[in-house]
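Q: So that we are looking at the same thing, I have put the structure below in structure tokens.
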Amino acid sequence: MKKKLEYVWPFVGLAAVVFSLYLLSKELRGVHLGDIWEAMTDRGMLAFGLCVASTLLAYAALAWYDRIALMHVGKKLPWSVVSVVSFVAYALGHNIGVSVVSSGVVRYRAYSRMGLTVGEVAVVTGFCAFTFAYGAVLLGGLVLVGEPGLVSRVLDMPASVATAVGLCMLALVLLYQAGSVFHFRPLVIRSFHIEYPKSQIAFRQMFAAPLEIIGAASIIYFALPDAGNPGFFAVLGIFLLSFSAGLISNAPGGIGVFEFVFIKALPEVPKADVLAALIMFRLLYLIIPLAMSCVVILVFERKSLGEAFSAIGSKLGGVRPPPEPAHQRQRTDAERL
């Protein structure tokens, strides 16, 4: 059953992309590329600089995710190493989709060379994913309690119900913090165990996760025009919903799903302006980091890649490596004894 699901999920993601792009194309009828380009260039250098600063804030917070997760498993690595590994892991994970798997592969390749076991790398990857979810619950609860009317932009839900949901979300956050302080028993769901981390680790999560989400949402906020801009709180709430929908859809980078939800939730802003802001977000938060991460991977893996290509060339050309000299073979046999 598990193997079958591995083949099914890619098709689910593809179907989500196709369907979302279809809905998005209906929403964008009458919008021209010239309008989008004009909207992107009209914001000016100050807005662009704020978008870049927001991107740096988001990726710095993502590196903090890894740092906190490594503390959780009792490992301490240099900030420079953690920052590079985290950057590459998230740049690939955000673009490829199935972020836990794709970013986990990068982390395993890097952290295993530094002494971490397979189990420790799995814990680090899962802990980072949980940190994001924790931040989404925290900020989502604050948005629903602070501005319960925002949910009506997307869902037909009374403000009182939105407030109740927000309070429940904040209660979960407090429960998690209390569990780490008072050392509650692990939460057991069938074979799945959730152990509360140390209080200092949970406390750091409470700041790192919102910081990353606020940085990412700020890219779109600063890229949107002043006219019709509903404010940062509204943009933050819409971002949480759109980004979460993109992750759940399993679509690479949430493409189509993310844009559709955002455009539907901002009817007061011209569609060309919204799409221009989302293009700016994808450029700074997804595309440029992806290109940079590919360069980093090539630099760090050039030796392994060279050996792999040499092996392939030998097989294709039918060339066998030269035999070892007799004295080397004798020495090797002696070492084995």
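Q: Restricting to segment 171-202, what's the tally of residues that are among the β-branched types (V, I, T) and at pLDDT below 80?
A: Total meeting the criteria: 3.
Q: Also, I was wondering about something else. Can you say whether I279 is within 18 Å of the chain's Cα centre (by Cα), without any contact (Cβ under 8 Å) to a residue 60 or more places away in the chain, part of a helix (DSSP H, G or I) and surrounded by fewer than 20 Cβ atoms within 10 Å (Cβ to Cβ), as far as the supplied structure shows?
A: For I279, the condition - within 18 Å of the chain's Cα centre (by Cα), without any contact (Cβ under 8 Å) to a residue 60 or more places away in the chain, part of a helix (DSSP H, G or I) and surrounded by fewer than 20 Cβ atoms within 10 Å (Cβ to Cβ) - is not met.
Q: When you scan segment 283-297, how many residues do you find that are without any contact (Cβ under 8 Å) to a residue 40 or more places away in the chain and either over 19 Å from F48 (Cα atoms) or touching a Gly at 6+ places or on another chain (Cβ under 7 Å) (or both)?
A: Looking only at that region, the number is 3.
Q: Out of the residues in segment 41-51 that are surrounded by 14 or more Cβ atoms within 10 Å (Cβ to Cβ) and not aromatic (F, W, Y), state the one that is farthest from F130 (Cα to Cα).
A: Within segment 41-51, the match that is farthest from F130 (Cα to Cα) is R43.
Q: Just give me the residues in segment 131-156 being part of a helix (DSSP H, G or I) and surrounded by fewer than 18 Cβ atoms within 10 Å (Cβ to Cβ), in sequence order.
A: A133, V145, G146, G149, S152, R153
Q: Look at L174 and say whether it is out of contact with any helix residue (DSSP H, G or I) (no Cβ under 9 Å at 6 or more places or on another chain) and within 13 Å of G135 (Cα to Cα).
A: Taking the combined requirement at face value, the residue satisfies it.
Q: Moving on to the next point. Given the conditions (1) out of contact with any Gly (no Cβ under 8 Å at 6 or more places or on another chain); (2) of a type outside the set (S, T, N, Q); (3) modelled with pLDDT under 90, and given that F127 satisfies all but one, which numbered condition is not satisfied?
A: (3)
Q: Another question about this same structure. Considering every residue within segment 193-210, establish whether at least one is touching a strand residue (DSSP E or B) at 6+ places or on another chain (Cβ under 9 Å), among the aromatic types (F, W, Y) and touching a residue at least 12 places away in the same chain (Cβ under 8 Å).
A: Within segment 193-210, one or more residues are touching a strand residue (DSSP E or B) at 6+ places or on another chain (Cβ under 9 Å), among the aromatic types (F, W, Y) and touching a residue at least 12 places away in the same chain (Cβ under 8 Å).
Conditions (1) closer than 26 Å to F127 by Cβ; (2) polar (S, T, N, Q), marked per residue:
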| residue | (1), (2) |
| --- | --- |
| S160 | no, yes |
| V173 | yes, no |
| P186 | yes, no |
| Q205 | yes, yes |
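Q: Within segment 204-251, take every residue that is of a type in the set (S, T, Y) and modelled with pLDDT of 90 or more and give me the one that is nearest to L150 (Cα to Cα).
A: Y221
The values are calculated or read from the model by the stated rules, or taken from the named source; none is laboratory data. Just so we're clear, the structure is a prediction, and the values are computed from it rather than from any experiment. Backbone-built Cβ (ideal geometry, glycine too); neighbour counts: all protein chains shown.
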